1. As a footprinting exposure proxy, order VAL201, VAL95 by other Cβ within 10 Å, with the fewest listed first.
2. Could you run the Karplus curve 6.51 cos²θ - 1.76 cosθ + 1.60 with θ = phi - 60° over the range 97-112 and give me ³J(HN,Hα) per residue in whole Hz, x for Gly and Pro?
3. State the three equivalent ellipsoid semi-axes of the range 169-237, derived from the C-alpha gyration tensor as the square roots of 5 times its eigenvalues, in descending order and whole Å.
4. Based on the Cα gyration tensor of the range 200-299, what are the three equivalent ellipsoid semi-axes, each the root of five times an eigenvalue, rounded to whole Å and given largest first?
5. For LYS47, give me every one of the lysines with a C-alpha distance below 27 angstrom, ignoring sequence neighbours fewer than eight places off in its own chain.
6. In the range 1-68, how does Rg compare with the Kirkwood Rh, expressed as the Rg/Rh ratio over alpha carbon atoms?
7. For the range 111-187, take N as its residue count and report Rg(C-alpha) divided by 2.2 N^0.38 Å.
8. At 10 °C and 1.306 mPa s, what whole-number value in µm²/s does Stokes-Einstein give for the translational diffusion of the chain, with Rh from the Kirkwood sum over Cα pairs?
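Taken together, the values in this text are just the output of simple stated rules run on the coordinates, not laboratory data. The model shown is predicted, which means the values in this text are computed figures rather than measured ones. With ideal geometry, Cβ positions are generated from the backbone for all residues, glycine too; neighbour counts draw on all protein chains shown.
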Amino acid sequence: MPATTPAENVAAVNSFTSYTHTNTYPFISPNTTNLSGKSVFVAGASKGIGKETALALAEAGCSNIAIGARSDLSSLVDEIAKRATAVGRSAPQVVSLQLDVTSEDSVKEAADKIGQAFGGALDVLICNAGNLEQWVPLTESNPIEWWQTYEINVKGTYLLNRFFIPLLLKSETKTSILTASYGALGLRIGASGYQSSKFAVCRLAEFLATEYEEQGLVCYAIHPGGIKTELASNMPKYMWDLLHDEPALPAHTIVWLTKEHRLWLSGRFVSVNWDMEELESKKNEIVEGNLLKFRMITS
């Protein structure tokens, strides 16, 4: 029987693989990955998942790492070099940018600078910048705060892909990773801005995968786990018990996603809590059933 409520839908998606994870595990470890020669841009890299992802890329031997955020990133530049050399990798070329993903000029300038620094191409774009407004019923919400969630989560993701896809298409990996959420599947009172914006991000991933499939682009919409980040603290306190995953889980899963061009997974929703080895074993089932996409059930 198909899920009939948002809660049932979330539970069904969460159990897509028989085993789920809350922390990293050997199959996705950066230590078993070689990203030498790859160039990656992490937007929203100053803290939390974005920062951990940049460090995991360095640990995996990524040659060129660009990091962007509104806040200062100078300390992260040093951390990236130290993380790489600590595990016997060469220190990558790092490009650090002050970035406002809601500004067309800022994102375009970032694309120009990264293109110049990385030889006109980019292997992987990681759209990690996000916003979560205070959860209150819609008529009690602050219009500016509510719309800011769309500005960052949807417009920011659009602008990043608008200006970076030309660089991605000149690379071998051609991968765009969008940060979605299980929130896209749910319907929590007070979460109208955040959850509907993440629903839009999932559909945007389908559009990108469809529009650029013939040119080789792959795009995934990922659930990054339940992490105790500054952003997540805006959720109601009764939901904080759901924040039991470690930042290394999404970071290392993203590294796993970047190391291979997975056309069969493009345009689909991917939870970092799933077991990626089991997910790979479901490749034929996913493709034949056109699974992990939003569809309306009529019967």
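1. Ordered from fewest to most neighbouring Cβ atoms within 10 Å, VAL201, VAL95 come out as VAL95, VAL201.
2. Those phi angles translate into 10, 7, 9, 10, 5, 8, 9, 4, 5, 5, 5, 4, 4, 4, 5, 5 Hz.
3. Computed over the range 169-237, the values are 29, 14, 7 Å.
4. Equivalent ellipsoid semi-axes, largest first: 26, 17, 14 Å.
5. Within the straight-line limit of under 27 Å, LYS47 reaches these lysines: LYS38, LYS82, LYS108, LYS113, LYS155, LYS174, LYS198, LYS228, LYS237, LYS259.
6. Result for the range 1-68 is an Rg/Rh of 1.15.
7. 1.38
8. For the chosen part, D equals 83 µm²/s.
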